[in-house]
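Colleague: Handing you a structure now.
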Amino acid sequence: MATSNLDVLHRLRDAVARASELELADLDRQIKTLERARPVSHATQLAGREHEREMLRVMQAAGAPLPPREIAQRLESDPKTVSRWLAAAKRRGFVERVDGARYQVRKEVPML
């Protein structure tokens with residue numbers, strides 16, 4: 001009986017060691033990704049915010065939830081770029097997703 005408990009403990013230790021190695025490898029990948037990321041200039045951030053404000057104006061003027069592709073068409077912009085703007089605006093609480101893949105400006109915008 002003692003031998004089987006000892007075997008279980010050895011297998012458990014090995015499993016924990018493997019999981020730990022995988023976790024460290026994942027952390028190393030995340031670190032390398034962040035190290036390769038280029039810092040965004042202040043001017044670029046401001047330009048992005050202006051585009052986001054224009055997107056919010058278009059969405060408010062529509063009066064109904066819009067899909068990202070429609071927003072991109074109205075802004076004469078790339079749908080992938082608009083999707084990134086929407087994701088950022090959603091994280092900050094400016095827009096909400098409704099009716100599946102449609103977005104609208106939130107009724108109550110959070111404090112800035």
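The values are calculated or read from the model by the stated rules, or taken from the named source; none is laboratory data. Not measured: the values here are computed from a predicted model. Glycine also receives a Cβ, built like all others from the backbone with ideal geometry; neighbour counts cover every protein chain displayed. Side chains included, ligands, DNA and RNA excluded: accessible areas come from the protein's heavy atoms. Shrake-Rupley method; radii C 1.70, N 1.55, O 1.52, S 1.80 Å.
Colleague: Counting only protein heavy atoms and a 1.4 Å probe, tell me what percentage of the chain's accessible area is made up of carbon and sulfur.
Modeller: Result for the chain: 55 percent of the exposed heavy-atom area is carbon or sulfur.
Colleague: Solvent-accessible area per residue for the chain at a 1.4 Å probe radius, Å²?
Modeller: Value returned for the chain: 80 Å² of accessible area per residue.
Colleague: Turning to a different aspect of this structure: Using the per-residue mean of other Cβ atoms lying within 10 Å as a proxy for protection, in what order, highest first, do the peptides 97-106, 11-20 fall?
Modeller: By packing density, highest mean first, the sequence is 97-106, 11-20.
Colleague: What FRET efficiency comes out for ARG74 versus VAL16 if R0 is 41 angstrom and r is the Cβ-Cβ distance? Round to the nearest 0.05.
Modeller: 0.15
Colleague: Something else: Which value in Å does the Kirkwood hydrodynamic radius of region 7-112 take, with 1/r averaged over all unlike C-alpha pairs and then inverted?
Modeller: 16.9
Colleague: Going by amide H atoms built from the backbone, whose H comes under 5 Å of the H on ARG106, apart from near neighbours?
Modeller: Under 5 Å from the amide H of ARG106: VAL95, GLU96.
Colleague: Choose one answer from PRO68, PRO39, PRO79: the residue with the largest mean-square fluctuation in a GNM of the chain with alpha-carbon springs under 10 Å.
Modeller: Greatest mean-square fluctuation among the candidates belongs to PRO39.
Colleague: Do the sum for the chain: with -39,500 (n - 2.57) for every DSSP H run of n ≥ 4, divided by all residues, what is the mean residue ellipticity at 222 nm, to the nearest 500 deg cm²/dmol?
Modeller: -23500 deg cm²/dmol
Colleague: Check the straight Cα-Cα distances from LYS32 and name the aspartates and glutamates below 18 Å, setting aside those fewer than 8 residues away within the same chain.
Modeller: Within the straight-line cut-off, LYS32 pairs with GLU21, GLU23.
Colleague: Something else: Can you give the FRET efficiency to the nearest 0.05 for ARG84 and ALA25, using r as the Cβ-Cβ distance and R₀ = 25 Å?
Modeller: Once the sixth-power term is evaluated, E becomes 0.35.
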